[in-house]
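The values are calculated or read from the model by the stated rules, or taken from the named source; none is laboratory data. Quantities reported herein were computed from a predicted structural model and do not represent experimental measurements. All Cβ positions, glycine included, derive from the backbone under ideal geometry; neighbour counts span all protein chains shown. Please note that ligands, DNA and RNA were not included when accessible areas were found on the heavy atoms of the full protein model with its side chains. Shrake-Rupley method; radii C 1.70, N 1.55, O 1.52, S 1.80 Å.
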Amino acid sequence: MELNLKAMATESRNPNTMNLDTMSPLEVVTIMNQEDANVLKAIRLVLPQIARCAELAKQTIQSGGRIIYMGAGTSGRLGVLDAVECPPTFGVPYGTVIGLVASGAAAFDKPIEDAEDSPEEGKKDLRSIGLCSGDLLIGIAASGRTPYVLGGLEYAKALGCHTAAIVCNPDSPMATAAELAIEVFPGPECVTGSTRLKAGTCQKLILNMISTAAMVGCGKVYQNLMVDVEPSNAKLVVRARNIVMEATGCDRQTAEEALSQAGGHAKTAITMILASCSAQEAGARLARANGHVREAIR
């Protein structure tokens with residue numbers, strides 16, 4: 001049966017941009033800016049659902065499970081983008097957060113548009129990473145009906161995984177299939193059907209919220225500092241030192257000495273300074289506090 005695109009909110013025409021082709025560059029970016037304001041309004045309406053997804057993500061990580069993002073095209077690429085930023089930002093092992101895009105890495109920089117049409121490919125990709133019941137699968141699709149993602153949600157549910165869906169159309173199959181639906185409606189795109197625009201921005205912001213709130217809940221942030229940052233290059237070495245200085249009020253030499261004793265781990269160095277203890281004791285305190293610095297320094 002032919003897909004009825006006209007029935008989708010993301011495929012409807014925006015009455016504010018009907019003359020887009022007659023506008024100057026300034027007029028185009030101005031109307032886009034005005035339309036983008038609707039993104040924040042739309043997300044505000046689904047904050048409780050986003051928070052629930054973040055809670056599931058936190059629980060999953062704390063239980064040793066993984067967060068799996070799954071999508072096609074722009075949606076899949078945004079999932080990969082969020083996933084690859086988690087290890088350097090929050091110090092989680094690679095593989096804790098995984099992004100799957102239809103047709104794999106080949107589709108990241110070269111669109112493979114028919115890859116999304118197979119539910120079996122979605123199941124196959126999840127089998128290839130050994131999806132298990134302790135994992136959380138988050139399906140992402142503006143349409144809410146991408147077969148690749150629907151196949152993945154079906155497979156994950158059969159295994160007993162928690163599942164969530166981020167969609168931009170009402171009453172979608174993905175929202176029905178998932179345990180938790182985040183349905184966000186920013187309105188029709190400036191260029192009809194180009195869901196890399198407002199829908200993609202919605203997805204990016206929501207993914208930011210889910211992963212950040214989950215990592216905060218896992219103790220990866222102290223105050224508003226990324227204390228589990230991996231100092232894997234020169235910039236991040238300096239950032240780790242600055243984080244220790246900001247968190248403790250110490251001078252540069254003290255921060256560098258503590259980091260040296262802590263093996264470069266900012267969280268341990270901070271705990272050492274604030275609790276006036278050795279690196280070994282700081283590690284033990286953090287273990288008892290499940291990684292939360294505030295608890296560890298009490």
Need the failing condition index for M209 against (1) open to solvent by 30 Å² or more (accessible area, probe 1.4 Å); (2) among the aliphatic types (A, V, I, L, M); (3) touching a Ser or Thr at 6+ places or on another chain (Cβ under 9 Å), just the number. (3)
What are the residues in the range 177-203 that are under 26 Å from C161 (Cα atoms) and either surrounded by fewer than 19 Cβ atoms within 10 Å (Cβ to Cβ) or in contact with a Gly (Cβ under 7 Å, 6 or more places away or on another chain) (or both), if any? A178, E179, L180
Filtering the range 222-245 down to residues that are charged (D, E, K, R) and touching a Pro at 6+ places or on another chain (Cβ under 6 Å) yields E230
Checked L40, L20, L47 against criteria (open to solvent by 60 Å² or more (accessible area, probe 1.4 Å), over 15 Å from the mean Cα position of the chain (by Cα) and not β-branched (V, I, T)); the one match is L40
Can you find a residue in the range 112-130 that is at pLDDT 95 or above, assigned to a loop (DSSP other than H, G, I, E, B) and open to solvent by 30 Å² or more (accessible area, probe 1.4 Å)? yes
For S276, state whether it is among the hydroxyl-bearing types (S, T, Y), open to solvent by 20 Å² or more (accessible area, probe 1.4 Å), free of Cβ contacts under 8 Å to residues at least 24 places away in the same chain and at positive phi. yes
All positions within the range 223-256 that are under 26 Å from P48 (Cβ atoms) and either charged (D, E, K, R) or open to solvent by less than 40 Å² (accessible area, probe 1.4 Å) (or both): none
Does the range 155-176 contain at least one residue that is touching a helix residue (DSSP H, G or I) at 6+ places or on another chain (Cβ under 8 Å), buried (at least 22 other Cβ atoms within 10 Å of the Cβ), hydroxyl-bearing (S, T, Y) and modelled with pLDDT of 95 or more? yes
